[in-house]
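Here's the structure, in structure tokens; my notes come after.
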């Protein structure tokens with residue numbers, strides 16, 4: 001029997017692995033790099049599927065450097081699923097075993113600060129301090145654009161073996177959509193306005209429906225909006241203009257009980273308040289480069305509640321349950337598939353929203 005402070009391997013693991021490296025803003029290279037070894041509380045996972053996130057695109061542009069990533073070259077990616085192939089020291093007894101299928105989420109808090117103690121580890125006071133055990137994968141820690149990732153068990157969610165890895169790689173973005181909906185406190189029968197028809201927007205739609213919303217109106221554009229309309233959403237194209245008036249007309253002047261902003265644009269932040277009715281709850285996920293003037297007088301006099309949203313704390317297992325129960329759909333939104341070595345092509349298609357690109361999935365080692 002291996003000692004608790006040793007790494008246990010369940011299968012042969014290569015010395016080097018294929019990975020996409022960000023070597024400079026807007027410069028990516030596919031290279032062979034050493035396979036990481038799991039540290040205390042970590043397991044090594046063979047990545048079977050990983051998905052492009054809009055945040056990855058912003059990091060690649062260099063708009064977050066040097067915070068994300070803190071140093072170059074870096075391996076990005078935080079939406080993924082795979083198999084545990086090695087167990088690091090002190091990982092016994094937590095419910096994870098060799099060969100388990102798992103989905104990853106980006107945050108692992110230090111586990112000791114107040115935010116971690118109250119379950120808000122996405123706001124960990126020791127953010128970025130790796131010595132404390134904090135990780136944010138694909139941001140300040142190695143991500144999933146590689147054949148293997150060493151992941152803290154605090155950021156893993158066990159999948160049923162009959163769930164495909166493609167569905168598992170959507171757990172992180174779907175959990176972001178669920179957290180957005182939960183932050184706004186959706187009640188049964190609510191009219192929900194969703195601003196944005198990208199990946200977080202579609203999963204906010206799926207989550208709002210799962211939580212019992214009465215009507216869900218999605219504001220977006222192009223092929224992406226057509227895809228979500230095909231799944232039962234009422235839709236408004238922002239390209240036709242007069243978004244607020246369209247919402248007002250569709251709701252007989254009452255506007256939304258809940259507004260979920262997922263686009264991160266100046267206009268969508270403006271619409272988030274303008275589309276919100278009396279006593280409404282507004283959840284904001286995006287961060288626009290320019291903040292518009294907000295109708296603060298309405299916010300006060302109509303008692304609106306405004307919630308910031310960061311990542312997806314405590315939502316991964318809930319999402320897996322919703323997917324398994326058929327309450328949250330993923331497959332309609334998988335629009336493209338590529339081997340990881342073709343990352344640049346996949347990246348360009350996602351950025352251009354070609355054919356309504358939503359979930360662009362990548363398979364390492366093929």
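Residue 257 meets the conditions (1) under 23 Å from the mean Cα position of the chain (by Cα); (2) part of a strand (DSSP E or B) in every case but one. The failed one is (1).
Looking at residue 81, is it assigned to a strand (DSSP E or B) and either closer than 26 Å to residue 167 by Cβ or at pLDDT 95 or above (or both)?
Numbers: assigned to a strand (DSSP E or B): yes; either closer than 26 Å to residue 167 by Cβ or at pLDDT 95 or above (or both): yes.
Judged against the criteria, residue 81 is a match.
Is at least one residue of segment 130-141 in contact with a strand residue (DSSP E or B) (Cβ under 6 Å, 6 or more places away or on another chain), over 19 Å from residue 315 (Cα atoms) and crowded, with 21+ Cβ neighbours inside 10 Å?
So the first thing to find is which residues in segment 130-141 are in contact with a strand residue (DSSP E or B) (Cβ under 6 Å, 6 or more places away or on another chain), and the list is 135-136, 141.
Right, trim to over 19 Å from residue 315 (Cα atoms) and you get 141.
Retained after the next criterion (residues that are crowded, with 21+ Cβ neighbours inside 10 Å): 141.
Yes, there is a match, as at least one residue in segment 130-141 is in contact with a strand residue (DSSP E or B) (Cβ under 6 Å, 6 or more places away or on another chain), over 19 Å from residue 315 (Cα atoms) and crowded, with 21+ Cβ neighbours inside 10 Å.
Identify the residue in segment 218-236 that is out of contact with any helix residue (DSSP H, G or I) (no Cβ under 6 Å at 6 or more places or on another chain) and outside any helix (DSSP H, G or I) and, among all such residues, is surrounded by the most Cβ atoms within 10 Å (Cβ to Cβ).
Of segment 218-236, the ones out of contact with any helix residue (DSSP H, G or I) (no Cβ under 6 Å at 6 or more places or on another chain) are 220, 222, 225-226, 229-230, 232, 234.
When the remaining residues are screened for being outside any helix (DSSP H, G or I), the result is 220, 230, 232, 234.
Details: 220: 29, 230: 10, 232: 11, 234: 13.
Filtering first and then ranking leaves 220.
Considering only segment 110-132, I want to know if a residue exists there that is assigned to a strand (DSSP E or B) and at negative phi.
Pass one, segment 110-132, residues assigned to a strand (DSSP E or B): none.
Scanning segment 110-132, I find no residue that is assigned to a strand (DSSP E or B) and at negative phi, so the answer is no.
A quick yes/no check of all residues on (1) touching a residue at least 40 places away in the same chain (Cβ under 8 Å); (2) touching a helix residue (DSSP H, G or I) at 6+ places or on another chain (Cβ under 6 Å):
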| residue | (1), (2) |
| --- | --- |
| 117 | no, no |
| 123 | yes, yes |
| 132 | no, no |
| 139 | yes, no |
| 148 | yes, no |
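Scan segment 5-24 for residues that are in a loop (DSSP other than H, G, I, E, B) and surrounded by 14 or more Cβ atoms within 10 Å (Cβ to Cβ) and report the count.
Quick first cut of segment 5-24, residues in a loop (DSSP other than H, G, I, E, B) only: 5-7, 10-15.
So of that shortlist, the ones also surrounded by 14 or more Cβ atoms within 10 Å (Cβ to Cβ) come out as 7, 10, 13.
The total comes to 3.
Scanning segment 84-105 for residues that are surrounded by fewer than 21 Cβ atoms within 10 Å (Cβ to Cβ), touching a residue at least 24 places away in the same chain (Cβ under 8 Å) and not in a strand (DSSP E or B) returns 89, 90, 92, 94, 95, 96, 98, 99, 100. Quick check on my filter: what residues within segment 194-217 are surrounded by fewer than 24 Cβ atoms within 10 Å (Cβ to Cβ), in contact with a helix residue (DSSP H, G or I) (Cβ under 6 Å, 6 or more places away or on another chain) and assigned to a helix (DSSP H, G or I)? The answer is 210, and nothing else.
With respect to residue 317, determine if the residue is at pLDDT 95 or above, in contact with a helix residue (DSSP H, G or I) (Cβ under 7 Å, 6 or more places away or on another chain), part of a helix (DSSP H, G or I) and not assigned by TED's automatic domain parsing to the domain that holds residue 228. Give the derivation first.
Numbers: at pLDDT 95 or above: yes; in contact with a helix residue (DSSP H, G or I) (Cβ under 7 Å, 6 or more places away or on another chain): no; part of a helix (DSSP H, G or I): yes; not assigned by TED's automatic domain parsing to the domain that holds residue 228: yes.
So residue 317 fails the test.
Check whether at least one residue in segment 157-165 is free of Cβ contacts under 8 Å to residues at least 40 places away in the same chain, assigned by TED's automatic domain parsing to the domain that holds residue 359, outside any strand (DSSP E or B) and crowded, with 24+ Cβ neighbours inside 10 Å, and report yes or no. For segment 157-165, residues free of Cβ contacts under 8 Å to residues at least 40 places away in the same chain, assigned by TED's automatic domain parsing to the domain that holds residue 359, outside any strand (DSSP E or B) and crowded, with 24+ Cβ neighbours inside 10 Å: absent.
Residue-by-condition table, conditions (1) in the same structural domain as residue 231 (by TED's automatic domain parsing); (2) over 18 Å from the mean Cα position of the chain (by Cα); (3) surrounded by 15 or more Cβ atoms within 10 Å (Cβ to Cβ):
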position	(1), (2), (3)
273	yes, yes, yes
283	yes, no, yes
286	yes, no, yes
291	yes, yes, no
338	no, yes, yes
353	no, no, yes
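The set of residues from segment 25-35 being in a strand (DSSP E or B) and free of Cβ contacts under 8 Å to residues at least 60 places away in the same chain comprises 27, 29, 31, 32, 34. Any residue in segment 220-232 that is at negative phi sitting within a Cβ distance under 8 Å of a residue that is exposed (fewer than 14 other Cβ atoms within 10 Å of the Cβ) and not in a loop (DSSP other than H, G, I, E, B)? List the pairs, counting only those 6 or more apart or interchain. So the pair list comes out as 221/239; 223/355. Being part of a strand (DSSP E or B), touching a residue at least 60 places away in the same chain (Cβ under 8 Å) and touching a helix residue (DSSP H, G or I) at 6+ places or on another chain (Cβ under 6 Å) holds for only one residue in 307, 338, and it is 307. Restricting attention to segment 36-54, the residues being buried (at least 20 other Cβ atoms within 10 Å of the Cβ) and not in a strand (DSSP E or B) number 3.
The values are calculated or read from the model by the stated rules, or taken from the named source; none is laboratory data. All values derive from a computational prediction rather than experimental measurement. Glycine gets a Cβ as well: all are built from the backbone with ideal geometry, and neighbour counts include every protein chain shown.
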